[in-house]
Each structure stands twice: as structure tokens, then as C-alpha cells.
Amino acid sequence: MNRFTTLRQPRSEATKSGAGFHWLWATIAGLLVPVMLVLFGVVAELIDDGGIRTGTIRLGSYLGVPLPQEFVSQDSFTQLTQLVLVALAITVCFCLAIWLNRRTSDRLTRGVVRSLHQRMFQQSLRRAEIEGAAAQRIRAAQLIGKDLPELGMGLSLWYRVIPRSIFMLVGCIVLALMVNIWLALLAVISGAAIWKLYGRLRNPEWLELSRFEIPEIRERLINLIGDAPMMARLQAGQQADQAYEGELESLDRRLVGDDARRGRLWPVLMIAGSVAIAVLVMGLGANILSEDVRDGGLDHYGLSLPASLVLGLALTGAAFSAGRLNQLARQLRRSSRACEGIYLYLQHHDDGAPSEQRVGLAGLRESVDMQNISLKDSSGKSILNNLSLSLRPKSLVAFLGSDELSTRSLVELMMGFGRPSNGVLQIDGINLRDIHPKALAKQVMWIAPDGPLWEGTITDNLMSGLDQSVDKRDMVNVLEGLGLYERITRLSDGLDTIVGPIAESRVGRPGQNAGGNLGTPDGLSISARYTLGLARALLHRPAIVLVNEPPAPTEHLNEDPCLKAMRQLADLGSLVVVLPNRLQTMRHCDRVVLLNGANLVGEGKHAELLNSSDLYRHLNYLLFNPYRHRASN
């Protein structure tokens, strides 16, 4: 496929308002360059001859510049002054056109990228119904963090190069041909040949292979140095010496080949360039030194120094434009992969639309049953693989696994996010896809490490959706039981303090302390926001409570009020599922579900799994060992 068609999709986005002005300024900027070059030639002719006395200036074989008689009749200094002023005016117009072209290019790029951001958000909501919300977060990290900036760079460069550099390239080549066809063709052919030679000598495949192989060889040398003393103790020192010498010889051969290629690259190019320049100089000299001759009644003009200046500047402008187009081609090679990934993600899937919801959900009486559940992401990678599980009310269950995406997706299935490729999830025998989403939202509550909280007062966040029969005293009692009421009353507005979602408050991100006590503008710490989420659950008492626990606070707590709240919810009849980050929570769970990647590999109490599962012991060390951070340093 033609590389210059790779950004056709984003360029066709409906947000490209002002595209007509973009083309206008790009055309003006591209065509003004050959005009300025011709004007420079006229100025050079004036200076070379001491004035202009003819109505037409000859700047090569086919380039004649007509001048008005009023201009010709003026003295030389006045002619020079007028030409310089015209050149300055054209330069100002050129710079203005370049600036406006850049502005419109950036505006068009921002519009397209903004539109893609919005479409990705809407698509993530649709895909969450199929793949789960956790998979969308991982995909968004790639698309928004890498692919969209790469696409934006390619799109911005496209708008700045196309069509300006094309008009400039064509104009400069036409101008050079009008000055002297044969010298222009010779220069173009020589430049293309030198560029082709550079590509062959540089050999990108060889360089790519070297970038891969040389670090690998050095890594093997490092490993051999580390293993050699141990092998010597095993009476195998000679084998280590031979292996090291073999790897060293391989590294030396690779370095010799690289040095030889790089060493001859520029000398060969300089020789080829010198030969091309020598041929051009000889041809240019032959034209300049030749007398005007007549052949069959037609005049053939040798090149003057002003015409040679125009020819050289035109070829330089053409080379610059070709370089810009080559830069665009290299950027498009990178941007095309990003573009493909973005639009592949944005593709609509008919089976991704939410199904027709039909029934309500009164609560959880019997169980949540998962039968042979398999879930895959958009790339086909397994998130859950043939998982069967039964969860009953009045229980506190922890999901722990080697892959956070799998455990998070398993929790999200109970919120209605994720469409298994096979298997079924039922609540009290009702297929989850047949449950009305409002009924599901009323019976299933998600508690994140930061609440989450929405824009409004603390009271609004706790009481929203509750029956009017629940009064403010119940809310105060719950907050007091969690040890949070006193902290809230110390805020300037107390329970009427305005809070809201804060992206920086997400727990578990780099740069955040383990206790989650990072302060927020509304005065609530992360731990306080998490506790408010549990208070909301205690007031609502949903049938299923899904908790993503923040890390343990730095100070030791003899009794964790948050764990006590989860236990209370379970005792009141809820199914409480937690993604644990605290060892104390694991110890108090009725059941721990253990996943290895996408597979269910174990169930049982904390002590039972410690005795029976190496994976569980390993995860406990990684997640809950208080000295793990110190050991890694």
C-alpha cells in the first residue's frame, strides 16, 4: 500500500474545519519560493550588469523575465531599491503564509486527535460490555499514551508538508528546467543516484541486526563472567574460557563488520558527490563560457552567473522539498502502525451492543454461579479461561492472582462488564445478560481505593439513591463506627464539604505512598475516601459488594475498621468480594480464590493455601512482605 495513504482515515475526520484555508496558505507558501528565486536572479543580473536596460531579462535557455518600460528607464540604484522592496514584501508574505499554514495544520491535527479521544471514550464503554473495564484501561494506556501522540505527529507533519512541499518541489524543478534542461536533469539524476547509493551502503537491515545482536552478545559475556568462578569450582573452568573466547570472537566480528560499513559510508558518498559536482561544474562552466550562437534562426543562450545562481537555488529548494517529503515518509512509517491500532480499536462490533434487558433483580438469595467462563481481549489474548466458580451470600471472598487484569475482570463480570466468549454467569439462576442494568446497579456496588466520589457534598455522596426512610442519624452512626466522623467534622464545611473525583488520587499508581495517605484538594486523604465508599455500602446494603482494597496504612492498626465494615456487610447478607492489598484482610476472608494468569488454580482459606500452594506463598511474599521494598533497593 502507498505509504502516503496511511493517514487517509484520520484526515477524513469530520473535525477538519478550515481545510480550505489550509490549502490556500500551503499553495501560496509553496509557489512563492520559485517567485523569490526568479527575483533573486533579476537582482543578481542588475548587479552584474550595473543596471537593467532591456525589457526582458534572460536567465537561461527558456526563462525570460519581462519588465515594464517604466522600470527599465530608471537609474540603477532606484531599480535595485524597488527590487529589494519587492523581495522584502514577498518574503513577508511567504513568512505569513508559513505561519498561517502551521497554525491551520496544528488546528486540524488537534481537531482530529480530540475527535479520536472522544470516539475512544465512547468505544471503551461499548467494549467494556464485551471485554471488561480493566482491559480498556490497559488498552487506553497504549492508545492514548503512545499511539495517539504518534498519530498526531504524523498528521501534523502531513499537513505542514502536503501540499506545500509538493508545490515547492514542482515549482523549483520547473524553474531549473527552464534555466537549463540538461543541467537540471543531470543534477536530479545525480542526486537520486547518490541517495540510492547511501541507502545501499547504510543497509538498514544490517544496522537493525547489529542493534539486536551486539547487546545480546554482551549480555552473554556478562553472564559468563558471573558463571566462570562457579564453573571453576566444578573443575569446568576451561569450558568457561572457551565459551568466553567464542563469544568475544563473535562480538569482534560483528564490530569489525559494523566499523567497516560505517567507515566506508561517508568516503564513498563524498567521492560520488564530488564526481557529480565536478560534472555539474564542467557543464555549468561550458554554458557560462560559451558565446551566443545561432542555429537555424533560433537563439541558444549560454548561462550567465545570475542564471547559474537561479539554477543552484532552484536545485537547493527542490532538494529541501524532497528532504521534507522523505522526512514525512519516515514519520508515516511509524504513524501508520499507530493509526492502524487506533482504528482497529474503534471498529464497531454488532455483537458488542448491550443485549435487551428484560428482568429486575430483588437481591441475592442463593448464589452467583460462573460456568466455564472464558473471556478474551480485543487482541485475542485470554483473560479468563474456562473458569467455574460459585459464590454465596453472607461470605467474604478474596480474589488473588498473578495477573491483575484477570482478577479485576473477574470482579467486573459481576457488574455486567465483559461478554464471555463462552460460558454463562448467573445470579440466582438468572443469566446476567437478562438483568436490567438499573436493577444490577442497585444490587451491585463497586468500592474503589478512592471511593470513588463524584462531584457534590459528602452527604450527597453517601445518601444518593437511598430511600427517604434513612435519615442523617444513620449516616452519622455509620461514619462514627468507621472512625471517620471526627475527621469530617474537622473540615471547614463538615458533611457539606464539596468533594469530587480526583485522577491523581488513584491508589496503586507510581509515586504514591504505600499507605494511600496522599492529600487531596478537598481535604480528604485517600484512606478517608476509601472509608467513605464503605460507609456508602453500609447505608445502601447492596446484595453484592465488590471492593478494590488500597494498600495498608503505614501505621499498624490492631483493628481495621474497614475490614470490620466488610465483615459486617457479609454478616448482614451481602456477598463481599475483595481484591486484597492487606494481609489482615486475607486472613479474615472466608475463602480465597487463586488465579494463575487466566486459570483458576486453587480455592480455600488463607492458611490452607499457604500450606498447599507455592504460587500463593510467592504472591503473599510479593504483596504483603513488609520488607520487600527495602530488599529491592
Sequence-distant residues sharing a close amide H with residue 450 (under 5 Å, placed H) | 507
For the range 46-201, alpha-carbon Rg over 2.2 N^0.38 Å | 1.76
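Can you tell me the accessible area per residue over the range 560-625, all protein chains present, probe 1.4 angstrom, in square angstrom? Before the final figure, lay out the partial values.
Working: 2840 Å² over 66 residues.
Dividing the accessible area of the range 560-625 by its residue count gives 43 Å².
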Extension length gain for residue 434 and residue 137 (0.36 nm per residue less Cα distance), in nm, is 104.3 nm
For the range 397-409, in order, what is each residue's ³J(HN,Hα) by Karplus, 6.51 cos²θ - 1.76 cosθ + 1.60 with θ = phi - 60°, in whole Hz (x at glycine and Pro)?
-> 10, 10, 10, 10, x, 6, 10, 4, 4, 5, 5, 5, 5
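Give me the net charge of residue 612's neighbourhood, meaning all other residues with Cβ under 13 Å from the Cβ of residue 612; Lys, Arg count +1, Asp, Glu -1. All intermediate terms of the calculation are to be shown ahead of the outcome.
Working: positive: 605, 617; negative: 603, 608, 614.
Its environment carries a net charge of -1.
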Heavy-atom accessible surface of the range 392-503: percent carbon and sulfur, 1.4 Å = 49
Quick one: length gained pulling residue 477 to residue 192 fully straight, 0.36 nm per residue minus the C-alpha distance?
-> 94.4 nm
Expressed in nm to one decimal, what extension gain is obtained for the pair residue 607 and residue 347 from 0.36 nm per residue of sequence separation less their Cα-Cα distance?
-> 88.9 nm
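May I ask for the net charge around residue 142, where only other residues with Cβ less than 15 Å from the Cβ of residue 142 are counted and Lys, Arg are +1 while Asp, Glu are -1?
+2
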Rounded to the nearest 20 debye, dipole of the range 371-481 from Cβ charges on Lys, Arg, Asp, Glu | 460
FRET efficiency estimate (nearest 0.05) - Cβ-Cβ, residue 572 to residue 492, R0 35 angstrom | 0.55
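Provide, as a two-decimal number, the C-alpha radius of gyration of the range 361-456 over 2.2 N^0.38 Å, N being how many residues it has.
Values: Rg = 13.9 Å, N = 96, 2.2 N^0.38 = 12.5 Å.
In units of the globular-protein estimate, the range 361-456 measures up at 1.12.
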Solvent-accessible area per residue for the range 374-495 at a 1.4 Å probe radius, Å²?
-> 45
What distance in nm separates the simple spin-label points at residue 379 and residue 99, each placed 7 Å from Cα in the Cβ direction?
-> 4.6
With each label point set 7 Å from Cα along the Cα-Cβ vector, what nm distance links residue 69 and residue 455?
-> 7.5
Distance in Å, no decimals, from the C-alpha centre of the range 166-197 to the one of the range 429-495 is 73
Tell me the label-point distance for the pair residue 256, residue 185, using the 7 Å Cα-to-Cβ offset, in nm and rounded to one decimal.
-> 4.7
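The values are calculated or read from the model by the stated rules, or taken from the named source; none is laboratory data. Only a predicted model underlies this, so the values are computations on that prediction, with no experimental measurement involved. All Cβ positions, even for glycine, are placed from backbone atoms using ideal geometry, and neighbour counts span all protein chains on display. These area figures cover heavy atoms from the full protein model, side chains too; ligands, DNA and RNA do not enter into them. Shrake-Rupley method; radii C 1.70, N 1.55, O 1.52, S 1.80 Å.
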